[in-house]
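Before any comments, here is the structure.
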């Protein structure tokens, strides 16, 4: 089973996260940030990952630490669940429509952390979350998984739809990238 359970306790957040890469899309996410919970639910369902996250963060300040740290822990969970990466497809991509938004998402689980985020979100908030935190989440995820992730917004202007397309697109691209299609490590280096 490609699963992992990660606990992270800092002075800013206390997070417990369980992940099953070969799940059915079941989720139970309670971070204290309603919009982040919604995005994590979508990520689990569209990636068919079983995901459970609880987070107690310093919401009296804002949701920056909660959102960033959940991204960090999710990246660590993927890394642990993937082990030596043997047999995975490694690459995944999707062109995802979300109403007026069209988002291209491409992933390489390469061991090299890079985020290219070509998006344009004008409103500063969606629900209870600052929109700039979507990129902070993705940075934490990429750096801790060791993945290259590209987001390219081709159209759209609704902030909710843009961020939703990012999370759904990441889920679909990650699902493709972590599919087991062989027994070799997908690199000429012999490791990822």
If you build a Gaussian network model of the chain, linking Cα atoms that sit under 10 Å apart, which residue out of 155, 18, 52 swings the most? 155
Packing rank of 54-66, 5-17, where each peptide gets the mean count of other beta carbons within 10 Å, highest leading: 54-66, 5-17
Antiparallel %, DSSP beta bridges [both residues in the chain], to 5: 80 percent
Of 100, 136, 176, the most mobile residue in a GNM of the chain (C-alpha springs, cutoff 10 Å) is 100
Pairwise FRET efficiency - residue 100 versus residue 59, Cβ, R0 = 35 Å, nearest 0.05: 0.65
Among (1) 10, 39, 37, 12, 1; (2) 9, 30, 28, 20, 10, 2; (3) 9, 37, 41, 13, 1, 0, which is the computed P(r) over Cα pairs in 10 Å bins from 0, in percent? (1)
What list do you get for 68, 181, 26 if you sort them by fewest beta carbons within 10 Å? 181, 26, 68
What ranking do 2, 172 get, fewest neighbouring Cβ atoms within 10 angstrom at the top? 2, 172
Using label points projected 7 Å from each Cα along Cα→Cβ, tell me how many nm separate residue 114 and residue 155, to one decimal. 2.9 nm
Based on the Cβ-Cβ distance of residue 122 and residue 3, what FRET efficiency does E = 1/(1 + (r/R0)^6) give at R0 = 30 Å, to the nearest 0.05? 0.15
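I need the semi-axes of the equivalent ellipsoid of the stretch 117-161: take the C-alpha gyration tensor, multiply each eigenvalue by 5, square-root it, list largest first in whole angstrom.
Details: eigenvalues 84, 39, 8 Å².
Equivalent-ellipsoid dimensions as semi-axes: 20, 14, 6 Å.
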Distance (nanometres) between label positions extended 7 Å along Cα→Cβ at residue 181 and residue 80: 2.8 nm
Give the relative contact order (percent, whole number) for the stretch 3-177; include only Cα pairs under 8 Å separated by 6+ residues. 26 percent
Where does the chain land at 222 nm, in deg cm²/dmol rounded to the nearest 500, when only DSSP H runs of n ≥ 4 count, each adding -39500 (n - 2.57), divided by all residues? -11500 deg cm²/dmol
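None of the figures in this text is laboratory data; all of them are computed from the coordinates on show. Being a predicted model, the structure only gives us computed values, none of them experimental. When we count neighbours, we look across all protein chains shown, and the Cβ atoms used for this are built from the backbone with ideal geometry, even at glycine.
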